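The values are calculated or read from the model by the stated rules, or taken from the named source; none is laboratory data. Just so we're clear, the structure is a prediction, and the values are computed from it rather than from any experiment. Virtual Cβ from ideal backbone geometry, glycine too; neighbours counted across all protein chains shown.
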Amino acid sequence: MSTRYLKEVPLGEVLKPAQVLADMANRSKKAAIEELVDLLWKQKLISNKSEAVTRVLEREELASTALGHGVAIPHARLEVGDTPAIAIGRHPAGIDFGAPDGKDVNLIVMVLWQPTQAGLFNRLFAGLVSKLADAHFRNRLMEESGADGIARALSDVKIDMLAGRSTKCDADMLIALQLLETKRRAKGNGLSQQVDLARAELPGSMLSRFDRLMDYYGEALVEAPEGVCRGCNMQLSSSFASEMLSNPDTVYICERCGRFLIHHIG
Ligand SMILES: [Zn+2]
(Lines give C-alpha, C1' and ligand atoms only; values in the text may rest on other atoms or scores of the structure.)
Protein backbone atom coordinates (compact mmCIF):
# COMPACT_ATOMS: atom_id res chain seq x y z
CA MET A 1 0.00 0.00 0.00
CA SER A 2 1.45 3.34 -0.99
CA THR A 3 1.28 5.86 1.80
CA ARG A 4 2.73 9.22 2.48
CA TYR A 5 3.04 10.85 5.81
CA LEU A 6 4.54 13.99 7.18
CA LYS A 7 8.01 13.71 8.55
CA GLU A 8 9.97 16.38 10.37
CA VAL A 9 13.29 16.87 8.65
CA PRO A 10 16.13 19.12 9.82
CA LEU A 11 16.88 21.75 7.20
CA GLY A 12 20.54 20.64 7.29
CA GLU A 13 19.53 17.54 5.34
CA VAL A 14 18.50 19.61 2.33
CA LEU A 15 20.63 22.73 2.69
CA LYS A 16 24.34 22.70 1.87
CA PRO A 17 26.66 25.73 2.16
CA ALA A 18 26.80 25.74 -1.66
CA GLN A 19 23.10 26.74 -1.58
CA VAL A 20 23.85 29.86 0.44
CA LEU A 21 25.03 33.27 -0.81
CA ALA A 22 26.39 35.23 2.15
CA ASP A 23 26.88 38.63 0.53
CA MET A 24 24.41 39.44 -2.20
CA ALA A 25 24.51 42.89 -3.72
CA ASN A 26 21.85 42.90 -6.44
CA ARG A 27 19.84 46.02 -7.03
CA SER A 28 16.48 44.37 -7.69
CA LYS A 29 14.26 41.64 -6.37
CA LYS A 30 14.24 40.01 -9.80
CA ALA A 31 18.04 39.94 -9.99
CA ALA A 32 18.24 38.43 -6.49
CA ILE A 33 15.75 35.71 -7.41
CA GLU A 34 17.67 34.98 -10.62
CA GLU A 35 20.91 34.67 -8.69
CA LEU A 36 19.42 32.24 -6.16
CA VAL A 37 17.82 30.18 -8.92
CA ASP A 38 21.20 30.05 -10.65
CA LEU A 39 22.72 28.68 -7.45
CA LEU A 40 20.16 25.85 -7.37
CA TRP A 41 20.77 25.15 -11.03
CA LYS A 42 24.54 24.91 -10.50
CA GLN A 43 23.89 22.43 -7.69
CA LYS A 44 21.76 20.44 -10.17
CA LEU A 45 18.74 20.79 -7.89
CA ILE A 46 16.61 22.18 -10.71
CA SER A 47 16.78 21.52 -14.43
CA ASN A 48 15.00 24.54 -15.88
CA LYS A 49 16.26 27.93 -14.73
CA SER A 50 13.90 30.19 -16.66
CA GLU A 51 10.83 28.21 -15.58
CA ALA A 52 11.92 28.50 -11.94
CA VAL A 53 12.46 32.25 -12.21
CA THR A 54 9.09 32.69 -13.92
CA ARG A 55 7.21 30.69 -11.29
CA VAL A 56 8.83 32.49 -8.38
CA LEU A 57 8.16 35.90 -9.92
CA GLU A 58 4.55 34.96 -10.71
CA ARG A 59 4.07 34.07 -7.06
CA GLU A 60 5.64 37.39 -6.02
CA GLU A 61 3.22 39.26 -8.27
CA LEU A 62 0.31 37.61 -6.53
CA ALA A 63 1.54 38.96 -3.19
CA SER A 64 5.00 39.75 -1.91
CA THR A 65 6.52 36.92 0.12
CA ALA A 66 8.29 39.41 2.36
CA LEU A 67 7.32 38.66 5.95
CA GLY A 68 8.54 41.92 7.43
CA HIS A 69 11.57 42.29 9.71
CA GLY A 70 13.87 42.05 6.69
CA VAL A 71 12.90 38.49 5.70
CA ALA A 72 11.37 37.21 2.45
CA ILE A 73 10.52 33.64 1.49
CA PRO A 74 10.02 33.57 -2.28
CA HIS A 75 8.67 30.19 -3.27
CA ALA A 76 7.05 28.18 -6.05
CA ARG A 77 6.03 24.68 -6.88
CA LEU A 78 8.18 23.08 -9.52
CA GLU A 79 9.45 19.64 -10.53
CA VAL A 80 12.35 19.24 -8.11
CA GLY A 81 12.18 15.62 -6.98
CA ASP A 82 11.45 14.34 -3.51
CA THR A 83 13.21 17.01 -1.52
CA PRO A 84 12.58 20.75 -1.75
CA ALA A 85 15.28 22.86 -3.40
CA ILE A 86 16.24 25.60 -0.95
CA ALA A 87 18.57 28.56 -1.47
CA ILE A 88 19.44 31.24 1.06
CA GLY A 89 20.61 34.74 0.20
CA ARG A 90 21.92 37.30 2.65
CA HIS A 91 21.84 40.87 1.40
CA PRO A 92 23.62 43.13 3.92
CA ALA A 93 22.56 46.39 2.27
CA GLY A 94 18.93 45.31 1.89
CA ILE A 95 16.68 45.10 -1.13
CA ASP A 96 13.13 46.25 -1.82
CA PHE A 97 10.76 43.26 -1.78
CA GLY A 98 7.53 45.18 -1.27
CA ALA A 99 7.46 44.19 2.39
CA PRO A 100 4.33 44.94 4.45
CA ASP A 101 6.38 46.94 6.97
CA GLY A 102 8.19 48.79 4.18
CA LYS A 103 11.57 47.50 5.35
CA ASP A 104 14.17 46.29 2.90
CA VAL A 105 14.90 42.57 2.93
CA ASN A 106 18.24 41.24 4.18
CA LEU A 107 17.44 37.53 4.31
CA ILE A 108 15.94 35.70 1.35
CA VAL A 109 14.92 32.08 1.78
CA MET A 110 13.86 30.59 -1.54
CA VAL A 111 11.97 27.30 -1.48
CA LEU A 112 10.97 25.31 -4.56
CA TRP A 113 9.04 22.13 -4.03
CA GLN A 114 7.32 19.39 -5.92
CA PRO A 115 3.74 20.13 -7.10
CA THR A 116 2.67 16.63 -6.05
CA GLN A 117 3.89 17.29 -2.53
CA ALA A 118 0.60 18.68 -1.44
CA GLY A 119 0.59 21.15 1.37
CA LEU A 120 0.19 24.76 2.12
CA PHE A 121 3.59 26.43 2.17
CA ASN A 122 2.92 27.88 5.61
CA ARG A 123 2.25 24.46 7.05
CA LEU A 124 5.16 22.59 5.54
CA PHE A 125 7.57 25.37 6.42
CA ALA A 126 6.02 26.64 9.64
CA GLY A 127 9.17 25.76 11.60
CA LEU A 128 11.31 27.81 9.26
CA VAL A 129 8.97 30.79 9.28
CA SER A 130 8.66 30.87 13.08
CA LYS A 131 12.42 30.59 13.48
CA LEU A 132 12.90 33.58 11.15
CA ALA A 133 10.41 35.57 13.21
CA ASP A 134 12.87 35.44 16.11
CA ALA A 135 15.01 38.60 16.18
CA HIS A 136 17.93 36.89 17.95
CA PHE A 137 18.03 34.20 15.33
CA ARG A 138 17.90 36.75 12.49
CA ASN A 139 20.75 38.68 14.05
CA ARG A 140 22.75 35.51 14.29
CA LEU A 141 22.22 34.84 10.59
CA MET A 142 23.30 38.39 9.77
CA GLU A 143 26.46 38.03 11.85
CA GLU A 144 27.63 34.59 10.69
CA SER A 145 30.87 34.97 8.78
CA GLY A 146 29.92 33.16 5.58
CA ALA A 147 27.84 30.56 3.77
CA ASP A 148 29.09 27.75 6.02
CA GLY A 149 28.05 29.59 9.16
CA ILE A 150 24.62 30.50 7.79
CA ALA A 151 23.96 26.92 6.66
CA ARG A 152 25.10 25.64 10.07
CA ALA A 153 22.85 28.10 11.93
CA LEU A 154 19.86 26.91 9.91
CA SER A 155 20.71 23.20 9.97
CA ASP A 156 18.60 22.28 13.01
CA VAL A 157 15.44 24.12 11.90
CA LYS A 158 12.71 21.57 11.29
CA ILE A 159 10.60 21.44 8.17
CA ASP A 160 7.69 19.10 7.46
CA MET A 161 8.05 16.89 4.45
CA LEU A 162 5.94 14.24 2.89
CA ALA A 163 7.77 10.97 2.85
CA GLY A 164 7.05 7.54 1.46
CA ARG A 165 6.17 4.80 3.86
CA SER A 166 5.36 1.14 3.54
CA THR A 167 4.13 -0.08 6.91
CA LYS A 168 0.57 -0.91 7.84
CA CYS A 169 -0.04 2.26 9.82
CA ASP A 170 -1.37 4.67 7.25
CA ALA A 171 -4.59 6.12 5.98
CA ASP A 172 -6.59 3.28 7.54
CA MET A 173 -5.23 4.09 10.98
CA LEU A 174 -6.01 7.77 10.54
CA ILE A 175 -9.56 6.94 9.49
CA ALA A 176 -9.96 4.63 12.51
CA LEU A 177 -8.53 7.23 14.86
CA GLN A 178 -10.88 9.92 13.58
CA LEU A 179 -13.87 7.64 14.09
CA LEU A 180 -12.76 6.82 17.64
CA GLU A 181 -11.94 10.41 18.53
CA THR A 182 -15.29 11.63 17.21
CA LYS A 183 -17.14 9.07 19.32
CA ARG A 184 -14.99 9.77 22.33
CA ARG A 185 -15.46 13.52 22.11
CA ALA A 186 -19.23 13.09 21.76
CA LYS A 187 -19.38 10.96 24.88
CA GLY A 188 -16.76 12.95 26.74
CA ASN A 189 -14.75 9.86 27.68
CA GLY A 190 -14.09 6.19 27.04
CA LEU A 191 -12.45 4.26 24.20
CA SER A 192 -9.06 5.36 25.44
CA GLN A 193 -7.55 1.91 24.93
CA GLN A 194 -8.51 1.79 21.24
CA VAL A 195 -7.45 5.41 20.78
CA ASP A 196 -4.04 4.65 22.29
CA LEU A 197 -3.64 1.65 20.01
CA ALA A 198 -4.42 3.68 16.90
CA ARG A 199 -2.17 6.53 18.00
CA ALA A 200 0.72 4.16 18.58
CA GLU A 201 0.60 3.24 14.89
CA LEU A 202 0.92 6.78 13.60
CA PRO A 203 4.03 8.98 13.36
CA GLY A 204 4.27 11.87 15.83
CA SER A 205 4.19 14.64 13.25
CA MET A 206 0.98 13.23 11.80
CA LEU A 207 -0.57 12.96 15.27
CA SER A 208 0.20 16.51 16.26
CA ARG A 209 -1.40 17.75 13.07
CA PHE A 210 -4.35 15.42 13.64
CA ASP A 211 -4.89 16.84 17.13
CA ARG A 212 -4.68 20.45 15.94
CA LEU A 213 -7.18 19.76 13.17
CA MET A 214 -9.59 17.94 15.51
CA ASP A 215 -9.48 20.83 17.96
CA TYR A 216 -9.92 23.44 15.27
CA TYR A 217 -12.42 21.85 12.87
CA GLY A 218 -13.78 18.89 14.81
CA GLU A 219 -12.52 16.72 11.95
CA ALA A 220 -9.07 15.99 10.63
CA LEU A 221 -9.48 13.83 7.55
CA VAL A 222 -11.94 14.45 4.73
CA GLU A 223 -12.56 12.98 1.31
CA ALA A 224 -11.88 14.70 -1.96
CA PRO A 225 -13.71 12.36 -4.34
CA GLU A 226 -14.08 14.65 -7.35
CA GLY A 227 -11.00 16.74 -6.75
CA VAL A 228 -12.86 18.96 -4.29
CA CYS A 229 -11.93 19.12 -0.60
CA ARG A 230 -15.07 18.16 1.35
CA GLY A 231 -13.80 20.21 4.26
CA CYS A 232 -13.49 23.64 2.65
CA ASN A 233 -14.93 22.99 -0.84
CA MET A 234 -11.75 24.05 -2.59
CA GLN A 235 -11.27 22.72 -6.10
CA LEU A 236 -7.84 21.07 -6.15
CA SER A 237 -5.50 21.68 -9.07
CA SER A 238 -5.88 19.07 -11.81
CA SER A 239 -2.37 17.68 -11.24
CA PHE A 240 -3.06 17.33 -7.51
CA ALA A 241 -6.45 15.70 -8.16
CA SER A 242 -5.01 13.18 -10.63
CA GLU A 243 -2.14 12.37 -8.26
CA MET A 244 -4.75 11.61 -5.58
CA LEU A 245 -6.81 9.52 -7.94
CA SER A 246 -3.85 7.31 -8.81
CA ASN A 247 -2.86 6.97 -5.12
CA PRO A 248 -6.17 6.27 -3.37
CA ASP A 249 -4.46 5.09 -0.18
CA THR A 250 -2.26 8.10 0.17
CA VAL A 251 -2.94 10.86 2.66
CA TYR A 252 -2.52 14.39 1.36
CA ILE A 253 -3.08 17.81 2.84
CA CYS A 254 -5.55 20.38 1.58
CA GLU A 255 -3.71 23.49 0.48
CA ARG A 256 -6.41 25.79 1.70
CA CYS A 257 -7.73 24.38 4.97
CA GLY A 258 -4.84 22.08 5.94
CA ARG A 259 -7.09 19.06 6.59
CA PHE A 260 -5.80 15.61 5.72
CA LEU A 261 -7.25 14.57 2.39
CA ILE A 262 -7.86 11.14 0.98
CA HIS A 263 -9.54 10.29 -2.31
CA HIS A 264 -12.35 8.44 -0.60
CA ILE A 265 -12.91 6.90 2.81
CA GLY A 266 -13.75 3.24 2.10
ZN1 LIG B 1 -9.77 21.99 2.32
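Of the listed requirements (1) surrounded by 15 or more Cβ atoms within 10 Å (Cβ to Cβ); (2) away from the ligand (no atom under 13 Å from the Cβ); (3) of a type outside the set (S, T, N, Q), G258 misses just one: (2).
Yes or no: C229 within 12 Å of the ligand (Cβ to nearest atom), over 20 Å from M161 (Cβ atoms) and either buried (at least 20 other Cβ atoms within 10 Å of the Cβ) or not polar (S, T, N, Q) (or both)? Yes. Looking at V80, is it of a type in the set (V, I, T) and either part of a helix (DSSP H, G or I) or free of Cβ contacts under 8 Å to residues at least 24 places away in the same chain (or both)? Criteria not met by V80. Scanning the range 188-204 for residues that are under 24 Å from E8 (Cα atoms), in contact with a Leu (Cβ under 6 Å, 6 or more places away or on another chain) and surrounded by fewer than 17 Cβ atoms within 10 Å (Cβ to Cβ) returns a single hit, V195. With respect to the conditions (1) of a type in the set (A, V, I, L, M, F, W, C); (2) more than 20 Å from the chain's Cα centre (by Cα); (3) away from the ligand (no atom under 13 Å from the Cβ), A224 lacks only one, and its number is (3).
Let's see how each residue does on (1) at pLDDT 80 or above; (2) of a type in the set (D, E, K, R); (3) touching a Lys or Arg at 6+ places or on another chain (Cβ under 8 Å); (4) in the same structural domain as N247 (by TED's automatic domain parsing):
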residue	(1), (2), (3), (4)
K183	yes, yes, no, yes
G188	no, no, no, yes
A200	no, no, no, yes
L213	yes, no, yes, yes
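Put simply, of L207, L245 the only residue that is surrounded by 13 or more Cβ atoms within 10 Å (Cβ to Cβ), under 19 Å from A126 (Cα atoms) and free of Cβ contacts under 8 Å to residues at least 40 places away in the same chain is L207. Screening L207, L174, L141 for residues that are under 29 Å from Y252 (Cα atoms), part of a helix (DSSP H, G or I), modelled with pLDDT of 80 or more and in contact with a Lys or Arg (Cβ under 8 Å, 6 or more places away or on another chain) leaves exactly one candidate, L207. On inspection, Q178 fails the criterion of being within 23 Å of the chain's Cα centre (by Cα), farther than 30 Å from A22 by Cβ and within 16 Å of the ligand (Cβ to nearest atom). Just one residue in the set R90, R27 is outside any helix (DSSP H, G or I) and either farther than 25 Å from A153 by Cβ or of a type in the set (S, T, N, Q) (or both); that residue is R27. Applying the criterion of being within 27 Å of H136 (Cα to Cα) and not small (G, A, S) to the residues of the range 61-74, the residue that is surrounded by the fewest Cβ atoms within 10 Å (Cβ to Cβ) is H69.
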